[in-house]
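Colleague: This is the structure I have questions about; it appears just below.
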């Protein structure tokens with residue numbers, strides 16, 4: 001709360017005069033730099049590390065045996081290789097989806113219930129901390145999503161289809177905003193997610209702390225709000241469509257450096 | 001002879017492997033995409049599942065994945081969309097630019113968090129520069145600053161202005177009538193804006209007194 005108020009005060013003080021476009025972007029960059037050593041996401045990271053180690057749920061177990069793709073308990077470097085195929089679930093899973101699996105199998109917390117829970121409440125709040133900490137453990141590492149399993153290749157191609165799928169009353173696709181370089185909605189710069197550097201920068205910034213709402217948003221929440229603004233129906237939390245889009249963006253962003261959890265408008 | 005046969009066999013086998021390495025077939029991707037769409041989305045508020053079913057225009061433009069369409073296909077999509085354009089019932093094209101500016105500013109409407117029955121905005125500034133005073137504009141569409149002035153419209157009611165007035169109404173009603181894979185929503189055709197709202201946007205763009213043309 002305190003942080004979000006600071007954010008609003010600082011953003012409100014940004015000059016909005018003749019060169020507003022440039023100075024607003026610069027102002028936000030300055031604000032980010034000011035907070036570089038104190039991104040409010042750190043509060044979520046600390047909470048996430050505690051939650052990872054804490055015995056919770058009906059089974060009173062921690063998540064320390066969770067396999068995020070690099071073996072049970074290995075957190076460092078896991079984020080930059082997700083989404084990937086997991087033999088135990090026979091599914092391509094992103095970070096949030098995999099955490100649902102681990103929380104269910106290790107702690108006995110129902111994945112279906114958590115997926116149905118609104119963002120920012122209950123176990124969804126647990127996930128905010130976890131994704132903040134787990135992504136931070138891979139900070140500055142380069143994206144290198146595996147594409148060797150046929151399911152991973154299929155997920156990439158499905159993600160590409162979904163990225164270009166026009167629908168809804170406005171005919172929007174992801175590509176309407178994120179298919180070209182150097183575009184903006186209002187003053188918001190839009191990364192071109194079809195290739196680098198946009199894909200690495202865009203995919204590699206989430207999870208992020210959002211100054212405008214004072215919340216920690218996972219990639220799942222980011223995609224959910226994209227689809228809302230696209231005027232599409234509601235994508236299920238950790239649904240295959242959102243995971244396939246993650247594969248598409250993450251593979252396109254190969255070798256981009258992860259700055260998650262980043263600081264966003 | 002034997003060697004040649006064996007070599008041919010090996011060649012065929014490695015071609016098969018290369019096919020596998022290249023990834024899933026188009027048909028596999030088609031089927032998986034349909035399955036994923038079905039299992040991933042649900043209805044919420046006013047956002048119904050039929051929004052996922054593309055019409056012929058969206059189907060072709062989705063499949064093109066950003067590449068230009070075959071010219072013949074593009075022309076036929078444009079013709080189909082042009083046929084949907086409904087000119088204003090009372091023949092009145094120009095409303096109030098002040099109201100048009102409000103509609104251009106308003107980016108709300110038709111998301112699952114919007115209430116049914118509320119008037120939608122045009123979201124115009126999300127993608128276009130329009131009035132000079134508004135600095136917070138997007139760049140997905142071209143600048144519309146001085147739209148009427150640059151096209152020589154000094155009196156939108158004059159016969160000289162008729163072609164550009166008709167075109168602008170058509171573009172707002174159904175942008176795909178002039179550019180098959182335009183990124184712009186089909187405001188009239190899709191029922192996003194009503195005739196009165198479109199008239200006000202027409203005034204914003206074409207009325208010489210509108211700040212778009214007077215400043």
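Rule-based calculations on the coordinates, nothing more; no lab input. On a predicted model such as this, the values are computed, not experimentally measured, just so you know. Positions of Cβ are backbone-derived with ideal geometry, glycine not excepted, and every protein chain shown enters the neighbour counts.
Colleague: Need one number: nm distance between label points at residue A:30 and residue B:56, each 7 Å from Cα along Cα→Cβ, rounded to one decimal.
Modeller: Here the modelled spin labels are 5.5 nm apart.
Colleague: Can you compute the label reach from residue B:215? Point 7 Å from Cα along the Cβ direction, backbone N cut-off under 11 Å, restricted to segment B:101-122.
Modeller: Of the residues in segment B:101-122, none has backbone N under 11 Å from the label point off residue B:215.
Colleague: What order do you get for A:79, A:119 when you list them from fewest to most C-beta neighbours inside 10 Å?
Modeller: A:119, A:79
Colleague: Can you put A:62, A:212 in order, fewest other beta carbons within 10 Å first?
Modeller: A:212, A:62
Colleague: Something else: Which of the peptides B:74-81, B:49-56, B:195-202 is most tightly packed, and how do the rest follow, judged by the mean count of other Cβ atoms within 10 Å per residue?
Modeller: In decreasing order of mean packing, B:74-81, B:49-56, B:195-202 become B:195-202, B:74-81, B:49-56.
Colleague: Here's something else I'd like to know. Under the rule a/c < 1.5 gives rounded, and otherwise a/b versus b/c splits prolate from oblate, where does segment A:32-99 land using the Cα gyration tensor? The partial results should precede the final answer.
Modeller: Numbers: a/c = 2.67, a/b = 1.40, b/c = 1.91.
Cα axes put segment A:32-99 in the oblate bin.
Colleague: Based on the Cβ-Cβ distance of residue B:87 and residue A:151, what FRET efficiency does E = 1/(1 + (r/R0)^6) give at R0 = 51 Å, to the nearest 0.05? Each step should come with its number before you reach the end.
Modeller: Values: r = 52 Å, r/R0 = 1.02.
With R0 = 51 Å, the Cβ-Cβ based efficiency is 0.45.
Colleague: Give me a single rounded figure for B:177-185: the average over its residues of other chain Cβ atoms within 10 Å of their Cβ.
Modeller: 3
Colleague: Next question, about the same structure. Per DSSP H run of n ≥ 4, the term is -39500 (n - 2.57); total these for chain B, divide by its residue number, and report the mean residue ellipticity at 222 nm rounded to 500 deg cm²/dmol.
Modeller: Working: 10 runs with 101 residues, N = 215.
Calculated mean residue ellipticity at 222 nm is -14000 deg cm²/dmol.
Colleague: Please compute the Kirkwood hydrodynamic radius of the protein assembly as shown from all pairs of different C-alpha atoms, in Å with one decimal.
Modeller: In the protein assembly as shown this quantity evaluates to 24.6 Å.
Colleague: To continue, here is another question. Does segment B:73-215 come out rounded, prolate or oblate by the C-alpha gyration tensor, with a ≥ b ≥ c the root eigenvalues, rounded set by a/c under 1.5 and, if not, prolate when a/b is larger than b/c and oblate if not?
Modeller: Rounded shape, in that the Cα axes give a/c under 1.5.
Colleague: Under the rule a/c < 1.5 gives rounded, and otherwise a/b versus b/c splits prolate from oblate, where does segment A:99-185 land using the Cα gyration tensor?
Modeller: Prolate.
Colleague: Figure the gain on full extension for residue B:143 and residue B:67 (residue separation times 0.36 nm, minus the Cα-Cα span) and round it to one decimal in nm.
Modeller: Result: 25.0 nm gained on full extension.
Colleague: If the chain between residue B:96 and residue B:43 were fully stretched, how many nm would it gain, using 0.36 nm times the residue separation less the Cα-Cα distance?
Modeller: In short, 15.4 nm is gained.
Colleague: Can I ask one more? Of all DSSP beta bridges in segment A:150-264, what percent run antiparallel (nearest 5)?
Modeller: 70
Colleague: Any idea how far the Cα center of segment B:82-135 sits from the one of segment A:141-185, in Å?
Modeller: Their Cα centres are 29 Å away from one another.
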